[in-house]
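The values are calculated or read from the model by the stated rules, or taken from the named source; none is laboratory data. This structure is a prediction, so every number in the text was calculated from the model and none was measured. Glycine gets a Cβ as well: all are built from the backbone with ideal geometry, and neighbour counts include every protein chain shown. Please note that ligands, DNA and RNA were not included when accessible areas were found on the heavy atoms of the full protein model with its side chains. Shrake-Rupley method; radii C 1.70, N 1.55, O 1.52, S 1.80 Å.
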Amino acid sequence: MASTPLRQQLSIMRQSLFDEGLLDHDQVSYLETLENEDDPDFIKNIFTLFLRDSTKYIDSIEKALETSPVDYPIMERMMYRLKGSSASIGASKINGETNTLRKKIHDGDMESGKASLQKLKAEHANFKDKLVVYVGMLKQAKLSEY
């Protein structure tokens with residue numbers, strides 16, 4: 001079993017992600033039920049995949065928005081993927097910012113869309129910084145169990 005101080009730190013970090021609205025408690029709790037002997041690193045893996053994929057989606061959205069003419073099909077597909085993947089892991093703020101961006105783009109307000117994209121990127125960077133630490137702590141806790 002992992003050391004008590006590490007488990008306490010992990011619990012505090014997890015709760016802070018909920019308190020800040022970065023992660024949805026119910027969705028993460030559900031995901032945690034999917035972790036078992038056959039896939040003991042499920043949570044760590046799903047968060048790591050989200051960070052990798054969401055970064056690609058945001059980069060693709062930005063590139064599509066910068067092209068002339070704007071590449072709406074690519075942008076829509078990437079926003080849809082980001083919306084779905086953020087909802088599936090409970091990344092509440094990223095999901096909300098993605099919805100705001102989609103609305104502005106669908107309304108044809110490209111300037112507000114560009115500003116919304118910058119807000120999404122900032123929110124994603126904050127989320128990523130905190131989630132990387134949390135995933136590292138999860139990994140450390142798993143290693144200390146052996």
Can you name the number of the only condition in (1) open to solvent by less than 40 Å² (accessible area, probe 1.4 Å); (2) assigned to a helix (DSSP H, G or I); (3) β-branched (Val, Ile, Thr) that residue 48 fails?
(1)
Enumeration of residues in the range 32-55 that are more than 20 Å from residue 96 (Cα to Cα) and of a type in the set (A, V, I, L, M):
34, 43
Quick one: in the range 123-146, of everything that is of a type in the set (A, V, I, L, M) and open to solvent by 60 Å² or more (accessible area, probe 1.4 Å), which residue is modelled with the lowest pLDDT?
143
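Take the range 68-79 and flag every residue that is open to solvent by 40 Å² or more (accessible area, probe 1.4 Å) and under 17 Å from residue 102 (Cα atoms). Lay out the reasoning, then the answer.
Keep residues of the range 68-79 that are open to solvent by 40 Å² or more (accessible area, probe 1.4 Å), which gives 68-69, 71-74, 76-77.
Hits for the range 68-79 are 71, 72, 73, 74, 76, 77.
Counting only residues that are under 17 Å from residue 129 (Cβ atoms) and free of Cβ contacts under 8 Å to residues at least 40 places away in the same chain, how many does the range 21-48 have?
Qualifying residue count, the range 21-48: 0.
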Being farther than 27 Å from residue 115 by Cα, modelled with pLDDT of 95 or more and surrounded by 11 or more Cβ atoms within 10 Å (Cβ to Cβ) is true for just one of 60, 16, 3, 86. Which residue is that?
16
Scan the range 19-41 residue by residue and report those that are outside any loop (DSSP other than H, G, I, E, B), surrounded by 13 or more Cβ atoms within 10 Å (Cβ to Cβ) and of a type outside the set (A, V, I, L, M, F, W, C).
25, 27
